[in-house]
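The values are calculated or read from the model by the stated rules, or taken from the named source; none is laboratory data. Since we're looking at a predicted model, the values are computed, not measured. Methodologically, a virtual Cβ is constructed for each residue, glycine included, from the backbone with ideal geometry; neighbour enumeration extends over all protein chains shown. Keep in mind that these areas ignore ligands, DNA and RNA; they rest on the heavy atoms of the full protein, side chains included. Shrake-Rupley method; radii C 1.70, N 1.55, O 1.52, S 1.80 Å.
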Amino acid sequence: MFDKSEMDQVLLATGGYDHTIKLWHTHSGICYRTMQHAESQVNALEITPDKQLIAAASYQHIYMYDLNSNNPNAIVNYDGTTKNVTDVGFQVDGKWMYSGGEDCRVRLWDLRSKGTQCPKIFEVLAPVTCVCLHPNQVELFVGDQSGIIHRWDLKTDHNEQLIPESDAMILDIAIDPLGTHMAAVNNKGRCYIWSLKSGKIDEPTKMNPKHKFEAHKRHALKCEFSPDSRYLVTTSADQTAKIWNTGDFSLRQELKVENQRWVWDAAFSSDSQYVFTASSDGCAKIWNIETGSMEKEYAGHQKAITALAFRDCAV
């Protein structure tokens with residue numbers, strides 16, 4: 001997996017229902033730091049591009065923790081959301097942060113200012129479940145509980161809507177690193193794929209339906225493309241994660257162990273050879289994509305792990 005010389009550059013973080021965030025040594029499986037997140041469960045985690053901070057989305061707040069100190073408590077609190085914050089992420093240079101929440105709003109947060117200002121808000125009519133930033137850094141794709149995908153152009157403030165299936169909640173959206181494909185999963189276990197075509201400068205990305213398939217028997221919770229764009233991982237309430245080949249979206253591997261329960265989140269290693277998963281059995285796991293075998297388990301949480309964040313030397 002990862003040799004010890006890489007460990008200074010490898011960050012694996014997990015969080016969940018036990019109100020803690022844990023940092024792990026990936027090669028040994030040992031937790032080396034626990035941060036307190038006392039007010040609520042952790043809904044989502046994301047590490048800043050410079051690997052200095054980690055953001056935790058929770059009930060009414062986004063808390064930021066310092067990764068390079070031993071301080072167990074948050075150092076910044078972004079508040080103003082009235083309900084659960086469901087997703088969080090960063091612009092590629094770390095200039096701003098985006099979040100979505102059950103208050104039906106997507107927010108942009110200016111990280112360069114000393115305060116915790118939110119200069120832009122995009123409002124929809126249903127609770128926001130997920131937010132995905134296009135690699136072009138100027139379009140946000142937003143999924144909500146009513147089944148709508150919104151494309152929000154940050155330059156022009158224009159938006160358009162897409163409804164892949166009626167009476168189904170969009171639970172996650174992912175765009176591959178090349179910006180050529182978008183995936184979305186819903187509460188019926190289905191996965192939808194679009195091909196993306198970038199227009200000329202200042203023209204919006206065009207979305208063309210390409211494929212749809214039954215990914216899982218129950219809720220599909222997360223989807224993520226691998227860094228080399230060859231694979232798509234989906235996670236589910238059916239107690240599995242699955243790896244799909246993006247060439248034809250055929251099943252490559254089903255990742256399953258006994259009693260792992262809901263699989264909430266997943267992240268690829270930078271070489272696209274391994275994938276981490278987080279599940280309701282209180283364990284994170286690393287899997288070999290080639291063999292489908294679980295290589296290591298990260299045990300220490302007392303309740304379900306609902307969020308995972310990973311960055312290594314090449315990410």
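Just a few scattered comments:
- Selection of region 163-182 for residues being over 15 Å from the mean Cα position of the chain (by Cα) and either part of a loop (DSSP other than H, G, I, E, B) or modelled with pLDDT under 95 (or both) yields 163, 164, 165, 166, 167, 168, 169, 178, 179, 180.
For (1) within 20 Å of the chain's Cα centre (by Cα); (2) exposed (fewer than 15 other Cβ atoms within 10 Å of the Cβ); (3) over 19 Å from residue 172 (Cβ atoms), each residue gets a yes or a no:
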residue	(1), (2), (3)
184	yes, no, no
207	no, no, no
231	yes, no, no
242	yes, no, no
257	no, no, yes
279	yes, no, no
286	yes, no, yes
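- Hey, residue 250 of a type in the set (S, T, N, Q), under 18 Å from the mean Cα position of the chain (by Cα) and open to solvent by less than 50 Å² (accessible area, probe 1.4 Å) or not: no
- Residues in region 116-161 that are in contact with a Pro (Cβ under 8 Å, 6 or more places away or on another chain) and part of a strand (DSSP E or B): 139, 144, 149, 151, 153, 160.
- Exactly one residue out of 89, 100 is open to solvent by less than 20 Å² (accessible area, probe 1.4 Å), touching a Phe, Trp or Tyr at 6+ places or on another chain (Cβ under 6 Å) and not hydrophobic (A, V, I, L, M, F, W, C), and it is 89.
- Filtered residues of region 21-53 (kept if surrounded by fewer than 15 Cβ atoms within 10 Å (Cβ to Cβ) and among the small types (Gly, Ala, Ser)): 28, 38
- Residues within region 260-273 that are open to solvent by 30 Å² or more (accessible area, probe 1.4 Å) and under 21 Å from residue 15 (Cβ atoms), tallied: 3
- Among residues of region 263-299, those that are of a type in the set (Asp, Glu), touching a residue at least 40 places away in the same chain (Cβ under 8 Å) and either touching a Phe, Trp or Tyr at 6+ places or on another chain (Cβ under 6 Å) or closer than 21 Å to residue 220 by Cα (or both), counted: 1
- Filter result (open to solvent by 50 Å² or more (accessible area, probe 1.4 Å) and either closer than 25 Å to residue 101 by Cβ or modelled with pLDDT of 95 or more (or both)) within region 54-69: 59, 60
- If you go through region 103-121 and keep only what is within 20 Å of the chain's Cα centre (by Cα), under 17 Å from residue 159 (Cβ atoms) and open to solvent by 20 Å² or more (accessible area, probe 1.4 Å), you end up with 104, 105.
- Of the listed requirements (1) in a strand (DSSP E or B); (2) open to solvent by 70 Å² or more (accessible area, probe 1.4 Å), residue 218 misses just one: (1).
- Filter result for the condition that a residue is open to solvent by less than 20 Å² (accessible area, probe 1.4 Å) and over 17 Å from residue 262 (Cα atoms), over 202, 172, 176: 176
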